Structure formats: structure tokens, C-alpha cells
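Q: Sharing a structure, written as C-alpha cells. Questions coming.
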Amino acid sequence: MNYIVMDLEWNQCPEGKRKEVEEIPFEIIEIGAVKLNERFEILEEFGEKIKPQVYKKMDQHVGEIIQITMEDLQNCRKFPQVAEDFLQWCGEEPVFCTWGTLDLTELQRNMEYYNMMALSEKPFFYYNVQKLFEVFFDEQKSTRNLAFAVNYFHLEQKQEFHTAINDARYTAFIMQKFDIKKIKKYKEIDYFHYPQKLEDEIDISFASYSKFISMGYLGKEALMNAKTVKEVKCCVCEKKVEKKIDWFTNNSKNYYGLFLCTEHGYLKGKVRVKRGHGEEYFAVKTVKIISKDEANRLSKQRADIIAKRAQKKRR
């Protein structure tokens, strides 16, 4: 097993969202990656620019950041060729590591656009290095950019940021600062391809929270009525919990609930409703331990929503 520390650069429609191609809002124009072994030692690198096929002009803002012109890309290979070689280079059962959550999404979206075989037909685990840095090294628990983390560790900055291979190298150097045993408790789940069957649904517990990924359902109502979505168990002991506040929402995208475990206290449930294929929706449910004060705030949030709805009805 190898760790693949990956970074991508992409272009977008220079004429804005109204003219972008919906299936591929961000077109990858560079892939950079560093392969690490199980001891986080660097084995080899992969880096290649890509000739664009969708957006033939460089978005001004993107061009200013990544310092790449369309002329730089004209003699490069196309995405399917580069991506195929990259995935072959990754080897069998790679564990992807990225700074943030977007790179894997956009890689798979670009692959889907070109009808390439999927990375996986169901959710898989990866490491969000940005999140790991926040958990282990940032007391403020803020979302930091890559340059901040590089400066934090006083890493030598011989190369510019915002090129895929350079950013992949910096991210790999940061990975080497982590305790390998500790980070295994903080895996992320990529759900670009959500479960298609009940038995493939993901339900996993971490240190102080759990995460669940549902299969797809036709409509939000059917989703929120599904037994595996509605039911909550303690994220620590996995025992049944008392429902204090049933699932409620203010915008139909996020649902919240309050529960109580006799052993571990209050639990906050959150369901994020995600659009799937066609008319399908699937759920990303997290359950975490919260304080009594946080529980009170959640109760107040629900009371405020009820009061606002009642006020609207009276008008």
C-alpha cells in the first residue's frame, strides 16, 4: 500500500457560470503527485500538464494564481491519457492524501466527463491533510492554506506555490510531520459515488463522532423517512439513545436532531442532504458528542424556527 499525495490545478469558464459546462465546471490542466510508502518516505513523483478540451481560454483570475498560459498547454497530452498514466502510476489500492476536499471530487468529475472507469463505485477512505493539520497542530482549529502550514513547520521554500507538483511536494513534507498511528483515526470518506445498495451504506465511528453515508432515495421525504437515516446510536458505545428533539430543518439541505446517551451525554445529529443521480438524494449523517450548553443552543435554534413559522402563518 502506498500513500498518493496529490494536487491538481484547474481552469474554469472565463465567461462565468452562465456559460460553463455543467458536467465539468473545473477542467484539470495539471496533475502533481508524490508517492509515499507506509513510513511516509518519498518513493517517486508524478507531474504533467494537460491540454484543455473544454475551456480554451484561461480564466483571468486562475491564470494570475497558477501562472500558466494556454500557450504552455498546447503541446501537452489530453486529460484521459494523462489521467490513465497517473492512475497506473498510483498502483493498486492507493490511499489518496490531499490538501482539502476538492481535488478528489474534481478528479472524479473530470474522469466521469470523459467516460473513464471510476476510481471506485462506492465511497472510499482518504486523508484530508488540511484537516489533519488543523486537528494536530492548529490551536485555533482554523481552515489554513498550504503556505501557512509550510511556514508553521519552517519548511524550506525553494519552489513557488500553486503548481501541482510543488504543492504536492509541500503537502508530502507536511505529511511527514504527522504521527502515522494517530492520523489513522481521522480518515475522511469520499462519497462522489455514494452507495447504491443498503448493504453498501457506510457507518463508521471515530474518536468522538460517527459518520454515515446512505444509499440514494427518490426524493428528500423518502430519504428522511429511511430507517438507517432516521435512527441514531451513540457514536462511542453504539447503544440506543433517547430522542430529545426529532430531526428538524430550516432549509431542507441540513437536518438537525438532539439525542441523549445515558453513558456519554448529549449527542448532536446532522444530516446533510446531497443530490445524487437524476432525482435521487442521499444523506451524509454525522453524530457527535456535545456539551449541555451546546444542547441548549440547539434547542433554542429549533424553538426559534418554530416561532418564525408560526409568525408567518399569522400574517
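Q: All but one of (1) assigned to a helix (DSSP H, G or I); (2) at pLDDT 95 or above; (3) not basic (Lys, Arg) hold for Asn75; which doesn't?
A: (1)
Q: Quick test for you: out of Arg309, Arg297, Arg272, pick the one residue that is basic (Lys, Arg), open to solvent by 50 Å² or more (accessible area, probe 1.4 Å), over 25 Å from Leu198 (Cβ atoms) and modelled with pLDDT of 95 or more.
A: It is Arg297.
Q: Would you tally the residues in segment 145-174 being open to solvent by 50 Å² or more (accessible area, probe 1.4 Å), assigned to a loop (DSSP other than H, G, I, E, B) and more than 21 Å from Ile50 (Cα to Cα)?
A: 5
Q: How about segment 4-25: which of its residues are surrounded by 16 or more Cβ atoms within 10 Å (Cβ to Cβ) and out of contact with any Lys or Arg (no Cβ under 7 Å at 6 or more places or on another chain)?
A: Across segment 4-25, the qualifying residues are Val5, Met6, Asp7, Leu8, Glu9, Trp10, Asn11, Gln12, Glu20.
Q: Taking Ile189 and the conditions (1) among the aliphatic types (A, V, I, L, M); (2) buried (at least 18 other Cβ atoms within 10 Å of the Cβ); (3) closer than 30 Å to Glu44 by Cβ, which numbered condition does it fall short on, given that it satisfies the others?
A: Only one criterion is unmet by Ile189, namely (2).
Q: Same structure, new question: Give Asn37, Asn75, Asn110, Asn115 a once-over and let me know the one that is in contact (Cβ under 8 Å) with a residue 40 or more places away in the chain, out of contact with any Cys (no Cβ under 6 Å at 6 or more places or on another chain) and not charged (D, E, K, R).
A: One residue alone meets the criteria, Asn110.
Q: If the Cβ limit is 8 Å and pairs must be 6+ apart or interchain, which residue in segment 284-311 that is under 25 Å from Lys274 (Cα atoms) pairs with which residue that is open to solvent by 50 Å² or more (accessible area, probe 1.4 Å) and among the β-branched types (Val, Ile, Thr)?
A: Taking only residues 6 or more apart or on different chains, the pairs are Ile289/Val236.
Q: Specify which of the listed residues (Leu258, Leu223) is modelled with pLDDT of 95 or more, buried (at least 20 other Cβ atoms within 10 Å of the Cβ), aliphatic (A, V, I, L, M) and in a strand (DSSP E or B).
A: On inspection, the qualifying residue turns out to be Leu258.
Q: I'd like the full set of residues that are in a helix (DSSP H, G or I) and surrounded by fewer than 21 Cβ atoms within 10 Å (Cβ to Cβ), limited to segment 133-144.
A: Matches in segment 133-144: Glu134, Val135, Phe136, Phe137.
Q: Same structure again: Among the residues of segment 38-48 satisfying the criterion of being open to solvent by 40 Å² or more (accessible area, probe 1.4 Å) and under 24 Å from the mean Cα position of the chain (by Cα), which is nearest to Asn110 (Cα to Cα)?
A: The extreme case among them is Glu48.
Q: Looking for something out of contact with any Ser or Thr (no Cβ under 8 Å at 6 or more places or on another chain), on the phi < 0 side of the Ramachandran plot and among the aliphatic types (A, V, I, L, M) - is there at least one such residue anywhere in segment 247-261?
A: The answer is yes, given that some residue of segment 247-261 is out of contact with any Ser or Thr (no Cβ under 8 Å at 6 or more places or on another chain), on the phi < 0 side of the Ramachandran plot and among the aliphatic types (A, V, I, L, M).
Q: Which is open to solvent by less than 10 Å² (accessible area, probe 1.4 Å) and closer than 30 Å to Glu279 by Cα, of Leu198, Leu107?
A: Leu107
Q: Here are some conditions: (1) open to solvent by less than 30 Å² (accessible area, probe 1.4 Å); (2) in contact with an Asp or Glu (Cβ under 8 Å, 6 or more places away or on another chain); (3) under 22 Å from Asp190 (Cα atoms); (4) of a type outside the set (Phe, Trp, Tyr). Cys234 meets all but one. Which one does it not meet?
A: So Cys234 meets the others, but not (3).
Q: Look through Asp246, Asp293 and report the one residue that is more than 18 Å from the chain's Cα centre (by Cα) and outside any strand (DSSP E or B).
A: Asp293
Q: Another question, if that's okay. Sort out which residues of segment 275-287 are out of contact with any Gly (no Cβ under 8 Å at 6 or more places or on another chain) and modelled with pLDDT of 95 or more, and write them in order of number.
A: The answer is Ala283, Val284.
Q: Being part of a loop (DSSP other than H, G, I, E, B), touching a strand residue (DSSP E or B) at 6+ places or on another chain (Cβ under 7 Å) and open to solvent by less than 60 Å² (accessible area, probe 1.4 Å) is the requirement here; does Ile28 meet it?
A: Criteria not met by Ile28.
Q: Suppose we filter Ile183, Ile189 for residues that are touching a strand residue (DSSP E or B) at 6+ places or on another chain (Cβ under 8 Å), among the β-branched types (Val, Ile, Thr) and not in a helix (DSSP H, G or I); which single one remains?
A: Unique residue meeting the criteria: Ile189.
Q: Just to be sure, is Lys211 assigned to a strand (DSSP E or B) and in contact with a Leu (Cβ under 6 Å, 6 or more places away or on another chain)?
A: no
Q: Could you run through segment 41-72 and say how many residues are under 26 Å from Ile174 (Cα atoms) and not in a loop (DSSP other than H, G, I, E, B)?
A: Residues that pass the stated criteria total 12.
The values are calculated or read from the model by the stated rules, or taken from the named source; none is laboratory data. Just so it is clear, the model here is predicted, and its values are computed rather than measured. Cβ sites come from the backbone with ideal geometry, for glycine too, and all protein chains shown count toward neighbours. Just the protein is used for accessible areas: all its heavy atoms, side chains included, with ligands, DNA and RNA removed. Shrake-Rupley method; radii C 1.70, N 1.55, O 1.52, S 1.80 Å.
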